[in-house]
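The values are calculated or read from the model by the stated rules, or taken from the named source; none is laboratory data. In this text, all values refer to a predicted model and were calculated from it rather than measured experimentally. All Cβ positions, even for glycine, are placed from backbone atoms using ideal geometry, and neighbour counts span all protein chains on display. Accessible surface is based on the protein model in full, side chains and every heavy atom, while ligands, DNA and RNA are left aside. Shrake-Rupley method; radii C 1.70, N 1.55, O 1.52, S 1.80 Å.
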Amino acid sequence: MYLTLINRLRDALTRFIQGQYVITMDVTLERPPKIEMGEAASPVCFELAKRLKRAPRQIAQEIAVGFGKVEGIARVEVAGAGYLNFYFDRSGFLEAAQNEASAKATSVPQHAGKVVVEHTSINPNKAAHIGHVRNAVLGDTMARVLRHAGHSVQVQNYIDNTGVQVADVVIGFLDMERLTPVSVKMAAMEPHFDYHCWDLYAKATQFFEQDKARAAELRGRTLKAIEEDRGEEAEVAQVVADAIVSLHLQTMARLGISYELLARESEILHLKFWDAAFEKLKASGAIQLATAGKMAGCWILPWKEGGANTKGTEGAWDTEKEEDAENTQDKIIVRSNGTVTYVGKDIAYQLWKFGLLGKDFNYRKWPTAPQGETVWSTTSSKSDPAAPHFAEPAVAVYNVIDARQSYVQDVVVEGLRRLGHKEAADKSVHLSYAFVVLTPRCAAEMGYELSPEDAQRPFVDMSGRKGFGVKADDLIDKLEDATIAEVRQRHPELPEDEQKQTAHAIAVGALRFFLLKFTRTAIIAFDFKDALSFEGETGPYCQYAVVRARGIWRKGVERPPDIVTEAALGEAVELFKTTKGDVTAKFLEGAENNDLWELVLSASSLDLAVDAAIGAQEPAFVAKYAFQLAQAFNNFYHKHHILTEADAQKRAFLLGLTELVESQLVRALSLLGIEAPEKM
């Protein structure tokens, strides 16, 4: 509701300035530092003063007198040297906020066009780890936030099943462990196959370090076989990738994360997506064949940061000048042996997302999706006629990929721009994020042996190639184990299934909130104790505020003599909803009621947080909002004795305000992918 009124006020002020001064300008509205200064303020008169050559306070007084009536605004005052302070109609605002909160549950204005959010995108060669979880939680939350704002969102998960990491595991099975494809298929049926591949990938890395020449030969041969879909290498690659993708889906389902489409890299090759993109790139001159230097024989995108191109004789890329430059290898689109790099395949995929490739995938249902979910996947086989129309062009694409891939993403976007698709390039958003590390305490709790030096460091780095890190399932298990002990101690009367459900909700809430409360550019040092705390800026703290609000409605809570049943509580809230005008206003007007009014404002500002999250591409705004609202409610709860309030009208008011806060906090947590349990 706050955002709705702010937008209405901004539009009215813009129109007034156009009519009064024949000036078109952007009008800025700010939240004053103190509630006594109003709910919105504008410095617009200072900019007008420069144009009109008049004193800003004089202009402000002129606007305040002539501005006229705006629905929801009680008055406007001039402050300081020329600020305009706007004061809301408090009782009218509360009524509108209640109506909007109810309407949001059933109807949301829809934006035109599809928005693609691609996230998770784990290499299917080993178990998911906590860094992958940050990616998935960010992407899932961004998708929820966009849907809340009325966007039609399609969630995709890119499966790099033909890449180097999968090839390394294939080499591990075939060349190191000397297994047959049948043996690998049997191993893939084991419940922790992804854990086995985690260890095998680390061993393969060590194996390659010992003989780099042998590693290069094996990788080149294996990658080419996988890309061409031939031989034992391709057979084992498919078994490994498909089995691990299914396990990844199960892991993410534990966190409430799901997908509509698994876009597999193999189909980009086998359905000739890459061939189509390759021809477009060559025809436009976007890529060129290197004829000298270390990259001779490679097709590359000749581009340096800042857009400057350097060409050798006859238009060929002069790699001798750039061979030692940072990120040079990232510009390779096709290697000299004919295999395509990740960048090349991602350009083709990005073109398809925007409907610019002229081709479409075939689709099938993923056969081992988590229970209750339908997940579609691309396929080289015949397409299922019941498949959704995934090829509808997107109006915007969010690619959630860690910050270390920023340059690669820049190259992908530059590829689109070189092909003449400026609008698509501008609408390609790299939702980047910093990596996750562990506190030494967390690493020790996960069973890792630390050197005395590492134990004294502020954080411990993880490395998938070395096999050092926190597997996502181990992390969730440990969080649930810690939480179930607390739940059993606090609520021994609950059935075991309910205890487990509660523990799961708290564990997931703790993990998701911990990963979301930091801005995307912040490195996160994960720690169990910090995440699970019921105090401070944590998921459990926000969940407990909801539980506390719901506790008012539960049977067995002490109530005054005239409120003895659940029905009576409901009647009290209805009294609040039907009490208008002066009766409601007396609990909001005046400095003595500013705490109640500020709680109303906080509860009505979710859409402002959502708007900020989308504008800045920063889900942390919603996490911050949830925490601040929980904090405000807890202060309100301790200050006001809601059920024992002697004044029946005020009691009804307090109950109704509790209901508004609860519904908005539940909604905010839902956008974060967090469930509020009934008890904690």
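Amide H to amide H, which residues 5 or more places from residue 292 or on other chains are under 5 Å from it, using H placed in the peptide plane?
Distant-sequence amide H within range of residue 292: 297, 319.
Using each residue's phi in the stretch 22-38, evaluate 6.51 cos²θ - 1.76 cosθ + 1.60 at θ = phi - 60° and report the 3J(HN,Hα) Karplus result to the nearest Hz, with x for Gly and Pro.
Using θ = phi - 60°, the values come out as 6, 10, 9, 7, 6, 9, 9, 10, 10, 8, x, x, 10, 5, 5, 9, x Hz.
Taking the Cβ-Cβ separation of residue 489 and residue 449 as r and a Förster radius of 25 Å, what is the calculated FRET efficiency to the nearest 0.05?
Efficiency, rounded to the nearest 0.05: 0.20.
What's the ranking of 397-409, 666-678, 340-352 by average number of surrounding C-beta atoms within 10 Å, highest first?
340-352, 666-678, 397-409
Report the FRET efficiency, 1/(1 + (r/R0)^6), for residue 185 and residue 229, where r is their Cβ-Cβ distance and R0 is 25 Å, rounded to 0.05.
Taking R0 as 25 Å, the efficiency between residue 185 and residue 229 is 0.90.
Among 1, 43, 401, flag the residue with its Cα farthest along the positive direction of the charge dipole of the chain, charges on Cβ as +1 for Lys/Arg and -1 for Asp/Glu.
Checked the options; the winner is 43.
Please sort 626-633, 517-524 by packing, taking for each peptide the average over its residues of neighbouring beta carbons within 10 angstrom, highest first.
In decreasing order of mean packing, 626-633, 517-524 become 626-633, 517-524.
For Cα pairs less than 8 Å apart in space and 6+ apart in sequence, what is the mean separation divided by the residue count of the stretch 59-218, i.e. the relative contact order in percent?
19
What distance in nm separates the simple spin-label points at residue 670 and residue 368, each placed 7 Å from Cα in the Cβ direction?
3.3
Using only Cα atoms, find the angle between the long axis of helix 193-210 and the longest principal axis of the chain, and express it within 0 to 90 degrees, rounded to the nearest 10.
Orientation of helix 193-210: about 50 degrees from the principal axis.
I need the phi-derived Karplus couplings for the stretch 438-444: 6.51 cos²θ - 1.76 cosθ + 1.60, θ = phi - 60°, integer Hz, Gly and Pro marked x.
Values, residue by residue: 10, 6, x, 4, 5, 4, 5 Hz.
Per residue, how much accessible area does the stretch 1-66 have with a 1.4 Å probe, in Å²?
53
Roughly how tilted is helix 212-227, in degrees to the nearest 10 and between 0 and 90, from the longest Cα axis of the chain?
Result, in degrees: 70.
Given labels modelled 7 Å from the Cα in the Cβ direction, how far is it in nm from residue 422 to residue 177?
Each label point is offset 7 Å from its Cα along the Cβ direction, giving 5.3 nm.
Pull up all non-local amide H partners of residue 159: gap of 5 or more, or a different chain, and H-to-H distance under 5 Å with H placed in the peptide plane.
263, 264, 265
With a ≥ b ≥ c taken as the square roots of the eigenvalues of the C-alpha gyration tensor of the stretch 421-504, please select rounded if a/c is under 1.5 and otherwise prolate if a/b is larger than b/c or oblate if it is not?
Taking the square roots of the gyration eigenvalues as a ≥ b ≥ c, the stretch 421-504 is oblate.
Looking at the stretch 77-199 only, what percent of DSSP beta bridges run antiparallel? Nearest 5 please.
Approximately 40 percent, going by the DSSP bridge assignments.
With a 1.4 Å probe and all protein chains left in place, how much of the accessible area of the chain comes from carbon and sulfur atoms, in whole percent?
Of all accessible area on the chain, carbon and sulfur atoms account for 50 percent.
Treating only the Cβ of Lys, Arg, Asp and Glu as charged (+1, +1, -1, -1), what charge dipole size does the chain show about its Cα centre? Round to the nearest 20 debye.
Its charge dipole is roughly 1500 debye.
Would you please give the residues with an amide H less than 5 Å from that of residue 88, counting only those at least 5 places away or on a separate chain, with H modeled from the backbone geometry?
Those lying under 5 Å, H to H, from residue 88 are 39, 74.
Between the alpha-carbon centers of the stretch 415-493 and the stretch 8-50, tell me the distance in whole angstrom.
44
Consider the candidate values [x] 1.03; [y] 1.18; [z] 0.97; state which one is Rg/Rh (Cα atoms, Kirkwood Rh) computed from the structure displayed.
Given [x] 1.03; [y] 1.18; [z] 0.97, the calculated one carries the label [x].
Please name which of 218, 610, 521 has its Cα lying farthest along the dipole of the chain towards the positive end, using unit charges on Cβ (Lys, Arg +1; Asp, Glu -1) and the Cα centre as origin.
Of 218, 610, 521, it is 610.
Compute the relative contact order of the chain as a whole-number percentage, counting only Cα pairs closer than 8 Å that sit 6 or more residues apart in sequence.
13
Among DSSP beta bridges lying fully in the stretch 329-485, give the percent that are antiparallel, nearest 5.
The antiparallel proportion sits near 65 percent.
If you restrict to DSSP beta bridges whose two residues both lie in the chain, what percentage is antiparallel, to the nearest 5?
Restricted to the chain, the bridges split so that about 50 percent are antiparallel.
Compute the helix-to-body angle for 606-616: its Cα long axis versus the longest principal axis of the chain, expressed 0 to 90° and rounded to tens.
40
Using a simple charge model, +1 on the beta-carbon of Lys and Arg, -1 on the beta-carbon of Asp and Glu, nothing else, what dipole does the stretch 41-167 show about its Cα centre, in debye to the nearest 20?
380
Per residue, how large is the accessible surface of the stretch 167-249? Use a 1.4 angstrom probe and give square angstrom.
In whole numbers, the stretch 167-249 has 47 Å² accessible per residue.
Label 7 Å along Cα→Cβ of residue 11; the stretch 28-54 residues with amide nitrogen under 18 Å?
28-29
Hey, what did the stretch 340-449 get for relative contact order, percent, Cα under 8 Å, at least 6 apart?
26
Order of 219-231, 199-211, 650-662, 148-160 by packing, highest average Cβ count within 10 Å first?
Answer by packing, highest mean first, reads 650-662, 148-160, 219-231, 199-211.
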